[in-house]
Structures are given as structure tokens and as C-alpha cells.
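Asker: Quick one: the structure is below, questions incoming.
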Amino acid sequence: MEPVDETVYTSLTYNQEGDLYLEDSLQPDVLQGALESSIFSRNIVFFESLDSTNRMGKELAAQGAPEGSLILAEEQTAGRGRRGRTWLSPGRENLLFSLVLRPPIPAEQAFIPTMILALAAGDGVEEVSGVRPLIKWPNDLYVGNRKLAGILTEFSLWEGLVEFMVIGIGINVNWNPDESGDLIYPATSIFRETKRRTPRTDLMVSILNRLDAFYGRMLSGYIDEFYRRWNELSMILGRDVTVESELGTLRGVALKIDREGALILRDSRGEQRVIRNGDVSLKFA
Ligand code: BTN
């Protein structure tokens, strides 16, 4: 049996065959206790199976769900990705959750909560597993040239301000993506990187406690440190990239990510292009 760390939120249990295994089901009451002082303990909505936690998050937010609501599923039957794609994940192996936030910010700043979730998730993965993901614009977490996690943010505006936003993240934790033939890009998981299973509750708690602290700092106006880390952890800056975007296919050097989360690219004519949404590809040596 592979070694497992004993943690506060998971337990080692004997199965019917008498083997020791890591009991790792996601339990809302355990999560609630572990997140007690955070806004994410206020309203935890758990599903064994659901079409999409983002879809549900938007429905609940529109009905008045409080800030911090956490929608969590062991399995999604219609998980949504960016740009109309599907998010694939086998049940009970990974993390799939969405958060309802109601930050009093204008639409141009709606990128900031997404940015801090990516930072919190990357730091949480590193703390719990030792794997350090980098950020691939706009908000994917990568290890090497393989995707570890993706974030989908959807929001509703009211008179130019955010009324609510739903930020959903899928993190590949314990499955082995090499066994799935359906993926459209190279994927990895914490298990693939470490050859060990990671307790998912510990990972969630680490991410959400961090995010709670980051969100508090963001609301107090301390955002420079996040932009700095966001650029430092970017895996594309200074590199030749190809971007499929609303402006078509663009090639150039990725220069920086601006205050609104846009990618600034220097194209072959030396002109700077501002790209708000797209998919980046990189050449790997
Ligand atoms: C992407 O990389 O394209 C974004 C993927 C986002 C997936 C997560 S899984 C939890 C939440 N619910 C969804 O339907 N999508 C997000």
C-alpha cells in the first residue's frame, strides 16, 4: 500500500479485506467545522451528483444565496469549462466546487476574485502535496505542460457593478488522466505528479482558508501583492505564444497581465495587443 499522511480531516480505516485505506469522502459537516471562521462555512451545499456546480451556484445566487456559499459535488454530469467546453472529471476522485461572491466592485475588476482563487488554489496544492503549479493565462493551473486545474467565472452585473459572481474550480487530485481518452489537452493530477493520493478535504480546507484571507485583503484594497504574484507565477510571460482569441489567432511575446486580467502581447510588428479572453499555446522545449 502507498504511504498516506494522517491528517485532521481524513482518517485511515480498515476495509472489508483488512487493508488500511484513506477514507476520503467529502463531508459537508467536516468541511464546515474545518472552515468555521471563514465565509465559506456559511452555506455549504453538497451534492453526490449534479449537472454543474456553476449552474447551481448561479441559480442559488439569483435566489439570494449569501456571499461565501459553497456548492460542492462529488460528480458532475455536465461540468462546464471556459469558451463553451465541457469539464471532464470522474466521480469522487477530484475537487469540483463553486463559490458565490458578492464583491462591491465594477465589472472591470471582476477578474480579481478569479485571480485570487487561482493563487489560493496553487498555494493550497503546494502546501498539501508539495507540487507547485504555475498559472497559464487566463486562469488555468499547470504543472509542466499539463493542465492540473481550471476555473470558470460567471457573473451578473447591476448598474455596472458586480451583483454576484460564481467562481467554479475543478482540480485533478486523485485520478489518473492518462487513463482517460476523452481529453482535448494534456492533463495531469496531483496523483500523477506525486504517485500518492492526496486527502481532498485537507486540500479544500487549505485553499478556502487561504482564499478567505486573500478575499478579505482584496476587499480592503490590498491588491498589488496579488498582481505581483500573479505575474511572477505566470508560465507564459516572456515567451513566444500563440493565442486563439476573439481577435483571431495572434502570435507574439507575452509581456504582462494587466490590472483587468488582460494579456498584453507584442506581435511580430512590434505592436502591443490587448487580449481579454482566449487560449494560449506554448512551445515546450
Ligand atoms: C476551464 O478550464 O475551462 C474551466 C473549468 C472549470 C470547471 C469547474 S468544475 C466546478 C465548476 N462547475 C462547472 O461546471 N465548472 C466549474
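The values are calculated or read from the model by the stated rules, or taken from the named source; none is laboratory data. All of these numbers come straight from a predicted model, not from anything done at the bench. Here the Cβ positions follow ideal geometry from the backbone for every residue, glycine too, while neighbour counts run over all protein chains shown. These area figures cover heavy atoms from the full protein model, side chains too; ligands, DNA and RNA do not enter into them. Shrake-Rupley method; radii C 1.70, N 1.55, O 1.52, S 1.80 Å.
Asker: Do you know which residues across segment 56-74 are within 13 Å of the ligand (Cβ to nearest atom) and either surrounded by 24 or more Cβ atoms within 10 Å (Cβ to Cβ) or of a type in the set (K, R) (or both)?
Answerer: The answer is G57, K58, L70, I71, A73.
Asker: So in segment 111-142, with the set limited to residues that are hydrophobic (A, V, I, L, M, F, W, C) and part of a loop (DSSP other than H, G, I, E, B), which one is surrounded by the fewest Cβ atoms within 10 Å (Cβ to Cβ)?
Answerer: Checked segment 111-142; the qualifying residue surrounded by the fewest Cβ atoms within 10 Å (Cβ to Cβ) is V131.
Asker: Still on this model: If you take the residues in segment 25-41 that are farther than 12 Å from L211 by Cβ and in a loop (DSSP other than H, G, I, E, B), which one is nearest to the chain's Cα centre (by Cα)? Talk me through it step by step, then tell me what you get.
Answerer: Initially, segment 25-41 is screened for residues farther than 12 Å from L211 by Cβ, giving 25-34, 36-37, 41.
Next cut, in a loop (DSSP other than H, G, I, E, B) only: 25-27, 36-37.
Working: S25: 20, L26: 17, Q27: 20, E36: 21, S37: 22 Å.
If we take residues in segment 25-41 being farther than 12 Å from L211 by Cβ and in a loop (DSSP other than H, G, I, E, B), then L26 is nearest to the chain's Cα centre (by Cα).
Asker: Kindly check whether there is at least one residue in segment 206-216 that is outside any helix (DSSP H, G or I), open to solvent by 30 Å² or more (accessible area, probe 1.4 Å) and out of contact with any Leu (no Cβ under 8 Å at 6 or more places or on another chain).
Answerer: Checked against the condition, which is being outside any helix (DSSP H, G or I), open to solvent by 30 Å² or more (accessible area, probe 1.4 Å) and out of contact with any Leu (no Cβ under 8 Å at 6 or more places or on another chain), segment 206-216 yields no hits at all.
Asker: Another question, if that's okay. From the list T53, T86, T77, which residue is touching a strand residue (DSSP E or B) at 6+ places or on another chain (Cβ under 9 Å) and open to solvent by less than 30 Å² (accessible area, probe 1.4 Å)? Lay out the reasoning, then the answer.
Answerer: Details: T86 fails: open to solvent by less than 30 Å² (accessible area, probe 1.4 Å); T77 fails: open to solvent by less than 30 Å² (accessible area, probe 1.4 Å).
Every option except T53 fails the conditions.
Asker: Taking the condition modelled with pLDDT of 95 or more, over 20 Å from L233 (Cα atoms) and within 11 Å of the chain's Cα centre (by Cα), does G168 pass? Before you say what the answer is, go through the steps one by one.
Answerer: Working: modelled with pLDDT of 95 or more: yes; over 20 Å from L233 (Cα atoms): yes; within 11 Å of the chain's Cα centre (by Cα): yes.
Here the answer is yes, as G168 does meet what is asked.
Asker: Right, something else. Any chance you could count how many residues in segment 175-185 are more than 13 Å from the ligand (Cβ to nearest atom) and in contact (Cβ under 8 Å) with a residue 40 or more places away in the chain?
Answerer: Going residue by residue through segment 175-185, those that are more than 13 Å from the ligand (Cβ to nearest atom) are 175-182.
Among the residues that remain, those that are also in contact (Cβ under 8 Å) with a residue 40 or more places away in the chain are: 175, 180, 182.
Qualifying residue count for the region: 3.
Asker: Let me ask something else. In this structure, does A121 turn out to be within 13 Å of the ligand (Cβ to nearest atom), touching an Asp or Glu at 6+ places or on another chain (Cβ under 8 Å) and among the small types (G, A, S)?
Answerer: Working: within 13 Å of the ligand (Cβ to nearest atom): yes; touching an Asp or Glu at 6+ places or on another chain (Cβ under 8 Å): no; among the small types (G, A, S): yes.
So A121 does not fit the description; no.
Asker: Oh, and also: Take the conditions farther than 23 Å from P90 by Cα, within 16 Å of the ligand (Cβ to nearest atom) and open to solvent by less than 10 Å² (accessible area, probe 1.4 Å) and apply them to T188. Does it pass?
Answerer: Considered against the rule, which asks whether it is farther than 23 Å from P90 by Cα, within 16 Å of the ligand (Cβ to nearest atom) and open to solvent by less than 10 Å² (accessible area, probe 1.4 Å), T188 comes out as no.
Asker: Among the listed residues L183, L211, L219, identify the single one that is of a type in the set (A, V, I, L, M), under 19 Å from N139 (Cα atoms) and at pLDDT 95 or above. Steps first, answer last, please.
Answerer: Numbers: L183 fails: at pLDDT 95 or above; L219 fails: under 19 Å from N139 (Cα atoms).
When all the criteria are applied, what remains is L211.
Asker: For segment 21-47, enumerate the residues that are at pLDDT below 90 and touching a strand residue (DSSP E or B) at 6+ places or on another chain (Cβ under 7 Å).
Answerer: Y21, L22, E23
Asker: Sticking with this structure for a sec: If I filter segment 148-174 down to residues being part of a loop (DSSP other than H, G, I, E, B) and surrounded by 20 or more Cβ atoms within 10 Å (Cβ to Cβ), which single residue comes out as nearest to the ligand (Cβ to nearest atom)?
Answerer: Let us first name the residues in segment 148-174 that are part of a loop (DSSP other than H, G, I, E, B), namely 159-160, 172-174.
After this cut, where a residue has to be surrounded by 20 or more Cβ atoms within 10 Å (Cβ to Cβ) as well, the list is 172-174.
Details: N172: 10, V173: 12, N174: 15 Å.
Result: N172.
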